[in-house]
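**Q** The structure's right below; bear with me while I get my questions together.
Only the coordinates and a few stated rules stand behind these numbers; no lab work does. Worth saying up front: this structure is predicted, and the values here are computed from it rather than measured. Ideal geometry is used to build each Cβ from the backbone, glycine not excepted, and the neighbour counts take in all protein chains shown.
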Amino acid sequence: MLTAMVSLAAISSGLGLVLGIAAKKLHVEGDARVEEVMAMLPAANCGQCGFPGCAGAAQAIVAGEASPSCCPPGGKVVAQTIADHLGIKLDDGGEAPRPMVATIQEAICIGCTKCFRTCPSDAIIGSTKQLHTVMDEACTGCNQCTEKCPTGAICMIEVPETLGTWVMPKPAMVS
Amino acid sequence: MSQVHASPHALSSRTTSQIMGLVLLALTPATLAGFWQFGWSAFLFWAVCVLSCVFFEALCLNWAGKRVMPVLWDGSAVLTGWLLAMSMPPWAPWWVGFLGAACAIVLGKQVFGGLGCNLFNPAMVGRTLLLVSFPVQMTQWVSPLSATLPHDFSHALTQIFLNNGVPDAMTSASLLGHVKTELSRGAPLIDGLKLFVPWQSFVGARAGSLGETSALLILAGGLFLVAKRIIGLRIPIGFMLGLGLPALIAHGLAPDAFIPLSAHLLSGGAMLGAFFIATDYVTSPSAPAGQWAFALGCGLLTWLIRTWGGYPEGVGFAVLIMNALTPLLDMWRPRIFGRSLTGKSLPARRVESVR
Amino acid sequence: MSAIVIPPIRKLLQRWGVHPDSHKFPACGLAIEEAGLPPLLTVPLSQHVGAAARPVVAVGDQVLRGQLIADAVGNISAPLHAPTSGVVVAIAEASMPHPSGLPDLAIHIRPDGRDEWAPLHAEHYPINLDGAEIARRVAAAGIVGMGGATFPSAVKLALGAKNKITTLILNGSECEPYLSCDDRLMQEHADGIVEGARLILKATGATRVLVGIEDNKPEAITAMKIAAKAYPEVFIAKVPSRYPMGADRQLIQTLTGIEAPADGRAADVGVVVHNVGTAYAVHRALRFGEPLTERVITVAGGAVREPRNLRARIGTPMSYLFERCGGLASSPARVVVGGPMMGIGVPNFEAPVVKGASGALALTAAEVGEREPSACIRCSSCVSACPVGLMPLEMASLINANELGKADDIGLGDCLTCGACGFVCPSRIPLVQYFYHAKGELSAMSRDKKRLDNIKALTDAKTERIEREKREKAEAHARRKAERAAAAAAEKPSKSEAAS
């Protein structure tokens, strides 16, 4: 009886000591996952998610306050990558909104260069006093240029669906 | 026509309810022979099982808020009830069948989510729960063609709905049960096997459940399903090999201690198990390798339980145990065309090399 | 010798596939007829695998039949030719043979009724041309895989240069129900097909042709045997009727016993597969100089009054084809371009005939067998039907749970979308739709990933540039400040010295 109690006490205090040391030694400042999620986001700091920059969104996602699918420019790819990384299951939340891109109405553009200095991904090309154009391939639809444009020449349009981008819808659930 | 139509734009004519219908058709000859042997009581007990299963299925679907009629029409509840009736003593009291149906449909099937989602064979869940709960009622077998007592429809009603068990004068032991009892008493096997007359077992003139008396008609029904391509040959053959090979070897080595091959295959639920129970789509593996392993396992476990287990018959337990392994066996996928078993692309063998 | 026999053991060992009702009659018993000219032809710019063709005509241009109207772009592409003489009235969006119903660009030509050919360069003995020249002319004629794959044929002809090709397989299996266009073509133009095959043989450098024809087409087999009699390198082989016998790997295995590697191509085992229709088009292009402007198409289905095979111009709307076949007896449940197993269900009758369209079907509800799906009973019919050895039921349930990656791990990428699994499913589960959906999603995701990576690189570059500029500015500022300070310090001591 005594032996059993002593040995149990010894084992538990030993293990407790190990755990205590491990907690001190291996202590991590902040959550490493925030950095990892941050690296997966497009890093345009566009603010479409409603958080201040990609860092804010990463923090919210890791804390579970935001869904991995909160990033419109990232779309399904980013959502899936983050969900896989964090081991979260994505909710099948119906139709995702169509991606948007900026487009410049040439008639009103005055060539002020404000938009392309703002664009985080260098998607707008042009130079002073000249027409600017948007490269759809590089545009995240972050909307920052629209706010900067003094003449309101920039608006966001949906990327049209084509035969090349159309995906067969998933069959309806079996009742 | 605005909706998206994915290929194929043609379908084979067979539907789920047609498949179930053909299985029921295949069971019919053996069932009718059973009715002829055991009289109206057997018919009434069968009807109780089938109707109770349909009743519980409808009840569960209703509770789950699903549409009842289209699902009920798939015929799976009828089949479960039918198989349940075929695996039980034909003169058991009505409440045994009713409880069995409740266990089979509610615990065996609907709690998992209904057709296609259950892990265990519903009829075997029902039967096994009854067997361990009501061992007396579940082992009272009646002699076939019991002309010893008058037995018309009104007697049958009394028997099923009022009597609690078979009158002593009419009871009889099933072969496997008798052998087990004799062996446990230390009597030589040959005494136990006195009851065993192979031709009787084959055509069904002996005590037992509806589904075990006539091995011939069960086999015929099973072969009909094979011919109709409802079931494959892998599971029946695997089952019989798994049961037959150890039986053959053991009997060959020690004829006094082990039941011979013919008695194993022709008695108990072996034929019903091989062609109708183990082949249940939902609870058996989908790919060939898994099906072989599953069937051999069912057969081998049946032999082990019959030989050393506490119960004389082991088909139900064996199938349930292997059912539990089905998800595991399903991971044994077929080889993909152009790939090795490990999934690597095959090396390119040049065509001219085989000219 | 002009026949080879498939060893019976090979037939026994092949357990895959399904046996759908053939529905080939009555169309397969009637001679091919001219479809005639519809009032308007819409020729889609993208009728082939690869980059869409670029128009080289303008609206209002007068064109002649066979005249180049759109040129190939890049290595994998095919040019387009005017299907008849007439006026280009528009280059605009039109209905496409695509399940989405989305429009795409097409050249609209109003026929002038004269059907006048552009000057053609005929060649009496095209077999004397060298391989590279044959490939060049096939490319110029805009020929693509006519069985439905629509891969530019010339690219496959040039394969011989890289991989040593020893065997050409001509696919005359036509395993899809209803379709009989290849059957009729073999019966009526066996000589042309054999010559086309010999030309392809020469271009690829292969030494023999195996023509695989399903045993439900005895007339076609006889006709092809007669046509091939004079050529010892052409072998006619009767293959079992089983769907999908016409899938290239399955046909290669049936004919040669060789299983092509899953991650490789047929060329890796020394084989190239062409459709009989492609061989015939090659013959027309080389012998008569005719570019691909028409094809034989089976117009059939329960809703069509007089099913038959028509020789239709590329760009002919399906509605016109149905009119030519006595019109529709009832409103069809589905309109399909191609065969019922792999064909494209289209939302209207306006989709034009394209180079790869082998059938125009108007199917009744009874033929389609459409019914609400019920629960999977795990009957494993789909597993035994799959010609590739996949577990369709498992893949579909993973896709249903949005586990696309896992579905891919267990073989989604090897799926042919042949439809055998969906065909046999007693629960009517739209298995193939799950696979199309998952394949589409996965490729959309990889496309998006590429785009995002690109954007991310741009963003990082810009952030870095801005920071560098800021740093440089700050450094310059600091330098100037330091210089000024130094200058001031240099002045100060002198001042202080002076003061002291």
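**Q** What's the exposure ranking of C:320, C:125, B:311, going from fewest to most Cβ atoms within 10 Å?
**A** Ranking C:320, C:125, B:311 by Cβ neighbours within 10 Å, fewest first, gives C:125, B:311, C:320.
**Q** Same structure again: Mind checking A:158-167 for the average number of partner chain beta-carbons within 10 Å of each residue's beta-carbon?
**A** Mean partner shielding for this stretch: 5.
**Q** Can you tell me what the convex hull of the Cα atoms of region C:371-484 projects to on average, as an area in nm²?
**A** Orientation-averaged projected area of the Cα hull: 9.9 nm².
**Q** Would you mind computing, in nm to one decimal, how far apart the modelled labels at residue A:12 and residue C:366 are, each placed 7 Å from Cα along Cα→Cβ?
**A** Each label point is offset 7 Å from its Cα along the Cβ direction, giving 8.0 nm.
**Q** Show me the trypsin sites (Lys or Arg not before Pro) within region A:52-134 that DSSP assigns to loop and that have at most 13 other Cβ atoms within 10 Å of their Cβ.
**A** Those that pass, being in a loop and sparsely packed, are A:89, A:129.
**Q** Calculated FRET efficiency, residue B:134 and residue B:66, Cβ-Cβ r, R0 41 Å, to nearest 0.05?
**A** 0.85
**Q** 7 Å from Cα along Cα→Cβ at both residue A:103 and residue A:135: what's the point-to-point distance in nm?
**A** 2.0
**Q** Pairs C:202/C:439; C:156/C:217; B:344/C:162; B:344/C:202; A:148/C:470: which are spaced more than 30 Å apart, C-alpha to C-alpha?
**A** In this structure, C:202/C:439; B:344/C:202 lie more than 30 Å apart at Cα.
**Q** Using a 4.7 Å cut-off between beta carbons, which cysteines in chain C end up with no partner cysteine at all?
**A** C:28, C:175, C:181, C:325, C:376, C:379, C:386, C:415, C:418, C:425 - these cysteines have no disulfide-compatible partner (Cβ-Cβ under 4.7 Å) in chain C.
**Q** Label points 7 Å out from Cα along the Cβ direction at residue B:51 and residue B:32: separation in nm?
**A** Taking the two extended label points, one gets 2.2 nm.
**Q** Considering every residue in C:97-107, what mean count of other chain Cβ atoms within 10 Å of its Cβ is obtained?
**A** Across the residues of C:97-107, the mean count of other-chain Cβ atoms within 10 Å is 3.
**Q** Peptide C:398-407: average number of partner chain Cβ atoms within 10 Å per residue?
**A** Taking all residues of C:398-407 together, the mean is 2.
**Q** How are the Cα pair distances of chain B distributed, in percent, across 20 Å bins from 0?
**A** Over chain B, the share of Cα pairs per 20 Å bin runs 29, 54, 15, 3 percent.
**Q** Can you give the net charge of the other residues whose Cβ lies under 11 Å from the Cβ of residue B:118, counting K and R as +1 and D and E as -1?
**A** Charge balance in the 11 Å sphere: +1.
**Q** Remind me, relative contact order of chain B in percent, using alpha carbon pairs under 8 angstrom and six or more residues apart?
**A** 17
**Q** Right, here's the next one. In terms of Cα to Cα distance under 20 Å, which lysines are near enough to residue B:194, apart from those fewer than 8 places away along the same chain?
**A** B:180
**Q** What number in nm² do you get for chain C if you take the convex hull of its Cα atoms and divide its surface by four?
**A** Quarter of the Cα hull surface area: 35.0 nm².
**Q** Could you compute the FRET efficiency for residue C:485 and residue A:55, with r as their C-beta to C-beta distance and R0 at 30 Å, rounded to 0.05?
**A** Working from the Cβ atoms, E equals 0.20.
**Q** Quick one: compute a quarter of the convex hull surface over the Cα atoms of the protein assembly as shown and quote it in nm².
**A** One quarter of the hull surface, i.e. the mean projection, equals 67.5 nm².
**Q** How big is the dipole moment of region B:14-172 about its Cα centre under a simple scheme where the beta carbon of each Lys and Arg is +1, that of each Asp and Glu is -1, and everything else is neutral? Debye, nearest 20, please.
**A** In total the dipole reaches around 440 debye.
**Q** For region A:1-144, evaluate the Debye formula with one uniform point scatterer on each Cα (no solvent term) and list log10 I(q)/I(0) at q = 0.10, 0.15 Å⁻¹, rounded to two decimals.
**A** Values, matching the q order: -0.53, -0.84.
**Q** Continuing with the same structure: Label point 7 Å out from residue C:34 along Cα-to-Cβ: which residues of region C:303-347 have amide N under 19 Å?
**A** The answer is C:308-317, C:320-326, whose backbone nitrogens lie closer than 19 Å to the label point.
**Q** Please name whichever of B:225, B:39, B:341 sits farthest to the positive end of the charge dipole of chain B, dipole taken about the Cα centre and charges placed at Cβ: Lys and Arg +1, Asp and Glu -1.
**A** B:341
**Q** Let me know the charge dipole size of the protein assembly as shown about its Cα centre in debye, to the nearest 20, where only the beta-carbon of Lys, Arg (+1) and Asp, Glu (-1) is charged.
**A** Taking the Cα centre of the protein assembly as shown as origin, the dipole is about 1500 debye.
**Q** Going by C-beta contacts inside 10 Å, put B:44, B:189 in order with the fewest on the left.
**A** B:189, B:44
**Q** Excluding residues fewer than 8 places away in the same chain, name every one of the aspartates and glutamates whose C-alpha is closer than 19 Å to that of residue C:462.
**A** A:122, A:136, A:137, C:453, C:472
**Q** Set the Förster radius R0 to 51 Å, insert the Cβ-Cβ distance between residue C:222 and residue C:136 as r into 1/(1 + (r/R0)^6), and round the FRET efficiency to 0.05.
**A** 0.90
**Q** Can you tell me the Rg and Dmax of region A:32-86, counting just the alpha carbons, in angstroms?
**A** Reported Rg and Dmax, both Å: 9.3, 24.
**Q** Could you give the dipole magnitude of chain B about its Cα centre, charging the beta-carbon of Lys and Arg +1 and that of Asp and Glu -1, in debye to the nearest 20?
**A** Here chain B has a charge dipole of around 1460 debye.
**Q** Taking H placed 1.01 Å from N in the peptide plane, check which residues at least 5 places from residue C:4 or on another chain put their amide H under 5 Å from its amide H.
**A** Amide H neighbours of residue C:4, under 5 Å, 5+ apart: C:236, C:237, C:238.
**Q** Contact order normalised by length for chain C, with contacts defined as Cα pairs under 8 Å and 6 or more residues apart; what percent is it?
**A** 17
**Q** Also: Starting with the fewest neighbours, write out B:308, C:117 ranked by other beta-carbon atoms found within 10 Å of each beta-carbon.
**A** B:308, C:117
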